[in-house]
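What follows is a set of notes on a single structure, which appears directly below.
The values are calculated or read from the model by the stated rules, or taken from the named source; none is laboratory data. Quantities reported herein were computed from a predicted structural model and do not represent experimental measurements. Here the Cβ positions follow ideal geometry from the backbone for every residue, glycine too, while neighbour counts run over all protein chains shown. Calculation scope for accessible area: heavy atoms of the full protein, side chains included, ligands and nucleic acids excluded. Shrake-Rupley method; radii C 1.70, N 1.55, O 1.52, S 1.80 Å.
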Amino acid sequence: MSDVILATEGLSLSFGALAVTQDVNYGLPKGARYALIGPNGAGKTTLINLLTGVFAPAAGRILLSGEDITKLAPHERVKRGIARTFQINTLFGQLTPLQAVTLAICERRGHGARWLASLRTHKDAVEEAYALLELLNLASSAERTTVELAYGRQRLLEIALALAMKPKVLLLDEPAAGVPVGESGELFDVISNLPGDIAILFIEHDMNLVFKFAKRITVMVSGRIIVEGSPREIAADPQVREVYLGRGHHHG
Amino acid sequence: MFAFAKPALATPADRLIAAARWRWYETAFWLGTLLVLFAFPGYLQLASQIAIVGLFALSLDLLMGYAGIISLGHAAFFGFGAYVAGIIAKYGWGEPLSGMVIAGLSAGLLGLIVSPIITRLHGIALLMVTMGLCVLLFEAANRAVWLTGGDDGLQGVEIWPIFGTFTFDLLGRTAYLYALIVLFLMFLVARRIVHSPFGLSLQAMRDNPRRAPAIGTDMGERVRIVYTISAAMAGVAGALIAQTTQFVALEVLSFQRSAEIMIILILGGTGRLFGGLIGAAVFMIARDQLATSYPQYWYLGIGALLVAVVMFARGGVMGGFDRLVRWWRARAGAGR
Ligand SMILES: Nc1ncnc2c1ncn2[C@@H]1O[C@H](COP(=O)(O)OP(=O)(O)OP(=O)(O)O)[C@@H](O)[C@H]1O
Ligand SMILES: [Mg+2]
């Protein structure tokens with residue numbers, strides 16, 4: 001497929017005796033709204049860590065628009081358009097959301113190492129950051145320190161930081177994790193309103209959200225992709241029912 | 001002049017853009033340092049020591065307070081700068097300004113050379129390596145008696161008058177003004193850094209080294225830059241001590257120097273720029289007053305104070321000050 005933007009070939013990784021990623025061949029096309037599901041410990045987060053360069057694979061390749069990025073450092077992959085959020089909030093505690101997003105924007109522009117110019121000379125970055133926070137309903141929290149923010153706001157900031165990169169590929173690791181069911185809708189509203197050309201892969205345990213937002217679903221069990229298909233196909237798949245859905249809908 | 005007379009800044013974005021603007025209390029602080037000249041003419045030598053140690057603490061604050069890189073051997077750069085400045089003055093070039101610049105650049109170069117190692121280390125390993133470098137330099141200076149004077153210190157340092165006019169007088173007026181002006185200029189640089197995108201990226205690395213690369217921060221590069229800048233600043237402080245006292249004691253490279261500067265910074269408050277300066281003033285004045293009369297209790301007292309600060313007053317003197325201001329503002333806000 002020519003419109004595949006991010007792909008893996010034979011990706012594998014083990015932690016000691018535990019094979020967490022086994023020969024994963026995956027493709028994410030432009031504008032994708034794909035979901036990755038699987039029981040706890042299946043290796044979903046690990047796959048994101050491999051794609052973003054946190055872990056180096058034992059075997060296999062990662063291609064971004066056909067170019068091999070397997071050896072690139074995490075920050076270099078970000079520069080090429082792969083952004084992610086974290087399952088467990090991974091934020092800058094003492095910065096305000098406005099500072100954090102401003103920094104992310106400066107980094108995107110390649111200005112992160114400028115040490116002799118105050119933010120006064122990066123006015124447009126600050127303004128862009130504030131506009132992004134407004135878009136995500138975070139404007140009222142823009143000047144609080146991040147540690148003081150309510151959990152749900154921190155989840156939104158996770159997404160804001162990733163969006164500040166203007167990514168081509170967005171990897172969302174359980175964006176609504178820990179958010180009360182009633183409030184997860186707001187998060188997914190934000191996600192569904194993202195520009196259509198961003199390729200999005202999200203990990204999610206809540207099947208209602210998965211079936212609502214994903215055009216295509218990949219099921220991973222014990223580090224292996226066992227089946228891929230449309231929501232309809234996945235819902236009907238006997239293998240999936242057995243290993244995943246059969247054990248109950250949440251945190252099997 | 002007064003907070004309420006200023007036009008209100010419209011949005012959070014405007015306020016962040018204006019965050020680097022000069023505040024009234026900063027003007028007050030620096031005017032206050034000038035006042036020392038007239039108010040305490042008998043204490044100018046102590047005052048210049050405070051300015052110099054304050055600069056040393058400021059250099060550590062960029063590294064430790066902002067970037068979160070702990071260094072237990074920062075005296076390596078301070079001492080290196082002191083020896084470079086002392087040696088070039090002893091062997092024929094006593095011009096202070098160029099001497100200071102050369103010393104600062106040399107210490108910065110040393111920092112740049114060491115920094116690639118620093119980027120790969122954390123925790124105990126980082127402490128050991130930074131300490132090790134300092135011990136190494138101490139031993140080298142101790143052995144190279146022909147160059148450094150070893151244990152006896154570097155004697156015969158002769159500093160020419162500043163701009164050929166201002167001689168270093170016995171009262172210490174020139175020394176104090178010289179140290180103060182250099183401190184002020186370095187403070188301006190540090191202030192710029194803190195309010196720059198780079199400064200934000202340092203704090204981001206400190207707060208979360210896992211997230212920083214995920215927003216595109218090249219942490220290795222940032223550590224190299226901040227380490228170099230911090231080392232250069234420490235080197236300038238070292239040069240000042242050599243030039244204002246016209247002597248270099250081996251003690252400038254001692255472990256005690258490294259440990260003390262860390263204590264001073266924690267006392268004053270990390271990540272606040274002014275913390276190191278306030279810490280230096282509190283520590284050195286207390287030592288001047290107490291250490292001579294009660295030498296046996298001095299370290300005991302400092303130890304107890306440090307424990308108290310870490311346990312009860314996180315953020316040191318400046319942190320406590322911050323909380324006071326916030327409490328006062330909240331009260332004023334509630335009354336409105
Ligand atoms: N750094 C690591 N070192 C060793 N083992 C690890 C590491 N990271 C993850 N694992 C293990 O690898 C397996 C897969 O973990 P991973 O976090 O990828 O699962 P997951 O599919 O994201 O699960 P969950 O739905 O609970 O988030 C787990 O057994 C986990 O304990
Ligand atoms: Mg996970």
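The table below lists the values:
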quantity	calculated
Cβ-Cβ FRET estimate between A:N40 and B:W327, R0 fixed at 51 Å, reported to 0.05	0.70
Peptide B:189-199 - average C-beta neighbours from other chains (10 Å radius)	6
Pairwise label distance in nanometres, B:L290 with B:T11, each label 7 Å out on the Cα-Cβ vector	5.1
Pair B:V135, B:V307: separation of 7 Å Cα→Cβ label points (nm)	2.6
B:E26-A:D189 FRET efficiency (beta carbon distance; Förster radius 56 Å; 0.05 resolution)	0.80
Whole-number percent relative contact order across chain B, with pairs defined as alpha carbons under 8 Å at least 6 apart	31
Cross-link reach list, aspartates and glutamates versus A:K215, counting only Cα pairs under 12 Å and skipping chain neighbours closer than eight places	A:E228, A:E233
Interchain or long-range residues, amide H under 5 Å from B:G269's placed H	B:V317, B:M318
Nearest-ten-degree value, helix B:197-207 long axis tilted from longest Cα axis of chain B	90
A:D3-B:R314 FRET efficiency (beta carbon distance; Förster radius 45 Å; 0.05 resolution)	0.25
Carbon + sulfur, % of accessible area of the stretch B:242-306 - ligands and nucleic acids excluded, 1.4 Å	67
Sequence-distant lysines (8 or more away, or on other chains) whose Cα lies within less than 16 Å of A:K79	A:K71, A:K166, A:K168
Average beta carbon contacts from partner chains per residue of A:75-82, 10 Å cutoff	3
Chains B and A, summed buried accessible surface - 1.4 Å probe, Å², nearest 100	3400
Highest to lowest packing among B:62-68, A:123-129, B:144-150, B:33-39, scored as the average C-beta count within 10 Å	B:62-68, A:123-129, B:144-150, B:33-39
For residues of B:21-27, the mean tally of beta carbons on other chains within 10 Å	0
³J(HN,Hα), Karplus 6.51/-1.76/1.60, whole Hz, each residue of the stretch A:95-102, x for Gly, Pro	8, 7, x, 5, 5, 4, 5, 4
Ranked by how many other beta carbons lie within 10 Å on average, peptides B:48-54, B:299-305 from highest	B:48-54, B:299-305
Cα gyration tensor shape of the stretch B:25-253, rounded if a/c is under 1.5, else prolate or oblate by comparing a/b with b/c	oblate
Residue-wise HN-Hα coupling along the stretch B:17-30, computed from phi with Karplus coefficients 6.51, -1.76, 1.60 (Hz; x: Gly, Pro)	4, 8, 4, 7, 5, 6, 9, 4, 6, 5, 4, 4, 4, 6
Rounded accessible area of B:R224 (nearest 10 Å², 1.4 Å probe)	90
Mean accessible surface per residue for the stretch B:25-253, computed with a 1.4 Å probe while every protein chain stays in place, in Å²	39
Residue-wise HN-Hα coupling along the stretch A:53-68, computed from phi with Karplus coefficients 6.51, -1.76, 1.60 (Hz; x: Gly, Pro)	x, 5, 10, 9, x, 6, 8, x, 10, 10, 10, 10, 6, x, 9, 6
Under 21 Å from A:K212, Cα to Cα: lysines that are on another chain or at least 8 residues apart	A:K30, A:K44
